[in-house]
Amino acid sequence: MKNSKTKAVIVLLIALIAIGVFGFFGYDTMDDIKLGLDLAGGVSITYQAVDADPTAEQMQDTIYKLQQRVQNYSTEAEVYQEGSDRINVDIPGVSDANAILEELGKPGSLMFVDEEGNVILTGDQVASAKPGIIDENGQKDYIVSLTFTDEGTTAFAEATSNNIGKRIAIIYDNAIVSSPVVQSAITGGEGYINGMASYEEANNLASTIRIGSLSLELEELRSNVVGAKLGETAISTSLKAGAVGFAIVAVFMIVVYLVPGIAAVLALCLYVGLILILLSAFEITLTLPGIAGIILSIGMAVDANVIIFTRIKEEIGVGKTVKSAIKTGFAKALSAIVDGNVTTLIAALVLFWRGSGTVKGFASTLALGIVLSMFTALFVTKGILNALFALGLENPKFYGVRKDIKVINFLGKKNLCFILSAVMILAGFAAMIMNNASTGSILNYSLEFKGGTSTNVTFNEDMSLEEISTEVVPVVSSVTNDSDIQTQKVSGTTEVIIKTRTLSVEEREALNDALVEKFGVEAEKITAESISGAVSSEMKRDAIVATIIATICMLIYIWFRFKDIKFAASAVLALLHDVLVVLTFYAVAKWSVGSTFIACMLTIVGYSINATIVIFDRIRENLKIMGKKPLDEIVNTSISETFTRSINTSLTTFIMVFALYIMGVSSIRDFAMPLMVGIVCGTYSSVCITGALWYVMTVYKNKKDAQAKQAAKVK
């Protein structure tokens with residue numbers, strides 16, 4: 001019986017390793033994964049408003065609505081203003097501009113008209129239009145579900161009430177695209193159009209209605225296939241850095257945790273292989289912020305293994321057999337792993353639901369990574385570890401022993417830590433005030449936030465991205481005196497798009513002269529336009545709202561799981577602390593705040609909350625075991641018992657990001673540096689701040705309760 005079980009686990013082990021190898025080598029993953037505009041290029045379309053002199057409000061509203069439309073193609077699509085009446089749409093991962101234009105349609109005017117020719121509704125009063133299928137008695141009816149704005153609800157309710165049995169025509173660009181019969185009054189703000197022959201017909205009508213609900217009528221001005229913003233060098237160096245970082249982490253895990261470390265490395269190999277396969281299977285667009293989500297989930301996968309292995313060492317230390325220690329270690333680690341991952345998963349789901357663009361891309365890869373990392377840690381690592389044990393690795397020395405733990409008086413330094421944190425945060429506010437006084441901006445916002453100038457240059461010969469980076473960019477930088485420069489190639493041409501900070505007329509002329517002198521380009525083949533930030537005010541608002549909702553949801557979950565609002569409040573305050581400290585770094589170092597800024601902050605929030613949950617889980621456990629001992633001793637013991645885990649987990653994640661910083665290109669380093677600051681800060685706050693905050697709140701509440709009881713006795 002034992003031999004058959006041993007064979008079974010060995011077969012399982014071989015199968016799992018084979019899947020990992022298949023993900024790494026046997027499956028052409030990188031060619032099948034959809035890469036974002038920053039990693040692989042895509043289609044760039046420029047629209048122009050038909051009406052002359054559109055208002056800023058109309059332009060911003062149209063940009064925001066177009067952003068929602070193009071997310072059907074990719075969550076990483078960018079929409080931004082060029083000049084006063086043009087809008088650029090960049091869609092990653094595609095190469096056929098004509099197909100996109102045909103599917104997206106030409107944004108034009110949309111009207112709902114009754115049989116007497118009266119306009120009863122306009123496109124901007126339609127909130128959404130989605131295709132669907134109704135199955136009645138085995139008969140499929142293809143429909144388009146409509147949702148109206150408040151103004152549209154009132155207008156459509158009145159129109160449908162007055163036109164029952166009559167037709168209402170939907171007119172797009174002066175052509176009737178649908179003419180449904182009103183069957184009943186539609187007063188609730190939602191309705192549907194039925195009678196279509198196929199789902200494709202319903203989808204086309206829904207797309208027409210959606211694109212026709214824009215505030216402005218647009219016409220296509222030009223469309224190009226553009227190259228990657230970061231270039232092949234960025235991708236290859238990032239992959240090499242990831243491999244180097246992973247190798248270092250693997251060695252670290254094996255040296256520190258011995259046989260369990262081997263199990264963890266095999267499980268992590270499987271994890272990476274599976275995530276590559278699933279990215280392709282779910283057609284998730286991978287961009288730099290998406291890579292951030294994967295890095296965070298890898299860190300959490302390592303974290304889960306560290307928690308488990310620390311528990312196994314503790315169980316062996318109290319005299320249990322290896323087999324019993326493995327079983328008990330996984331059981332005791334379960335609550336911390338589940339709570340930490342579920343808390344971060346809640347945040348990821350809310351960010352995907354409410355966020356847009358970069359935020360949505362980050363959230364999708366993070367959510368996928370969390371689910372997969374939990375599976376590999378709780379099931380795959382356990383299976384591999386049991387298989388290695390069954391193969392004869394039964395000696396406790398192969399698993400490590402953790403006996404006496406030196407209790408560190410963390411709470412004794414709490415006031416010093418509170419002061420240090422306050423000084424760092426106040427320094428950040430002071431730096432932002434000084435930055436605003438000297439530059440007009442509290443932070444060093446990049447092109448994605450504040451916009452700039454887009455210069456299109458047609459060179460005499462084709463140039464590679466590397467040549468552009470090493471030859472063209474230095475020339476541009478010498479004129480702008482700024483390193484924040486983005487370049488893209490227009491596929492199939494010698495044209496290059498150069499994006500810089502906003503240039504004055506004199507600077508534009510100086511740049512033109514420099515390009516003519518250095519590369520011999522024709523001056524008339526250089527054009528320039530002002531562009532808005534790709535991160536619109538609406539996208540910023542969506543990111544802030546999504547983060548607030550995610551934080552509230554995390555607070556509620558922690559409150560529910562720990563049955564103590566003080567745990568939840570301490571965790572949220574620590575998150576706020578981490579965000580503000582990293583913001584201090586951005587302000588003091590004048591680090592570029594670009595498209596990865598939001599993803600960086602969200603990564604730090606997700607990482608920090610996971611570390612905090614582990615400490616809180618140990619405090620909760622020790623409150624039951626050490627209930628009669630002083631509260632400060634319980635807290636210090638809990639932090640001390642999880643201290644090694646906190647350091648080891650942070651170190652492994654830091655190694656991954658540090659490798660990206662050392663080996664990556666400048667755009668990768670712009671992302672990696674603040675992330676390293678966030679990892680260090682998150683570890684510091686989890687160890688030195690969160691437990692101390694909970695302790696202070698608990699002591700204060702106990703004191704108030706005691707005073708209340710005393711007052712009640714006196715009465």
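The values are calculated or read from the model by the stated rules, or taken from the named source; none is laboratory data. The structure displayed is predicted, hence computed values, not measured ones. When we count neighbours, we look across all protein chains shown, and the Cβ atoms used for this are built from the backbone with ideal geometry, even at glycine. Areas reflect the complete protein model, heavy atoms only, side chains present, ligands, DNA and RNA absent. Shrake-Rupley method; radii C 1.70, N 1.55, O 1.52, S 1.80 Å.
Local charge for I662 was computed over the other residues whose Cβ lies under 12 Å away, with Lys and Arg +1 and Asp and Glu -1, and equals +2. Rolling a 1.4 Å probe over the protein heavy atoms gives region 466-511 an accessible area of 47 Å² per residue. Under 5 Å between amide H atoms, partner at least 5 residues away or on a different chain: which partners does E82 have, H built in plane at 1.01 Å? So E82 has HN proximity to I87, N88, S532.
Checking Cβ-Cβ separations below 4.7 Å across the chain identifies C269, C553, C600, C681 as cysteines lacking any candidate disulfide partner. Heavy-atom accessible surface of F330, to the nearest 10 Å², is about 10 Å², with a 1.4 Å probe and all protein chains retained. In whole angstrom, how far apart do the alpha carbon centroids of region 418-447 and region 613-669 sit? So the separation of the two Cα centres works out to 28 Å. Here the Karplus relation 6.51 cos²θ - 1.76 cosθ + 1.60, evaluated at θ = phi - 60°, turns the backbone of region 82-89 into coupling constants of 10, x, 9, 9, 10, 10, 9, 10 Hz, with x for every Gly and Pro.
Close amide H pairs (under 5 Å, H built 1.01 Å from N) link I143 with G132, I133, I134, residues at least 5 positions away or on another chain. Accessible area per residue for region 646-715 is 46 Å², calculated with a 1.4 Å probe on protein heavy atoms, without ligands, DNA or RNA. 3J(HN,Hα) along region 652-660: 5, 5, 4, 4, 4, 6, 4, 4, 5 Hz, from the Karplus curve 6.51 cos²θ - 1.76 cosθ + 1.60 with θ = phi - 60°, whole Hz, x for Gly and Pro. In this view, the solvent-accessible surface of E283, computed with a 1.4 Å probe and all protein chains in place, comes to about 120 Å². Think of the chain as a dipole: +1 on every Lys or Arg Cβ, -1 on every Asp or Glu Cβ, centred on the Cα centre; then among V677, I485, S109, V677 lies furthest on the positive end.
For the chain, the Kirkwood estimate of the hydrodynamic radius, built from every pair of different alpha carbons, is 28.5 Å.
Stretching F519 away from I625 to a fully extended chain increases their span by 30.7 nm, per 0.36 nm per residue minus the current alpha-carbon distance. The accessible-area ordering, largest first, of the residues L511, L416 stands as L416, L511, per a 1.4 angstrom probe.
The candidates S207, S184, S446, arranged from most to least accessible area with a 1.4 Å probe in the full protein assembly, appear as S184, S207, S446. What value, in deg cm²/dmol to 500, does the helix sum -39500 (n - 2.57) over DSSP H runs of n ≥ 4 give at 222 nm once divided by the residues of the chain? Using -39500 (n - 2.57) per qualifying helix, the result is -20500 deg cm²/dmol. Averaging the Cα positions of each part gives two centres, and for region 485-559 and region 564-589 these lie 30 Å apart.
Rolling a 1.4 Å probe over the protein heavy atoms gives region 103-229 an accessible area of 51 Å² per residue. Full extension of the segment from S128 to K563, taken as 0.36 nm per residue of separation minus the current Cα-Cα distance, would add 152.6 nm. Within the full protein context, the accessible area of E471 is estimated at about 80 Å² for a probe radius of 1.4 Å. Taking all protein chains together and a 1.4 Å probe, the residues S478, S128, S570 rank S478, S128, S570 from largest to smallest accessible area. Among 79-92, 257-270, sorting by the average number of other beta carbon atoms lying within 10 angstrom of each residue, highest first, gives 257-270, 79-92.
To put it simply, the accessible area of the chain at a 1.4 Å probe is 59 percent carbon and sulfur. Modelled this way, with points 7 Å down the Cα-to-C-beta line, the labels at A175 and N415 are 7.8 nm from one another.
Working note: Karplus 6.51/-1.76/1.60 with θ = phi - 60° gives region 571-585 the couplings 5, 5, 4, 5, 4, 4, 4, 5, 4, 5, 5, 5, 4, 4, 4 Hz, where Gly and Pro are set to x.
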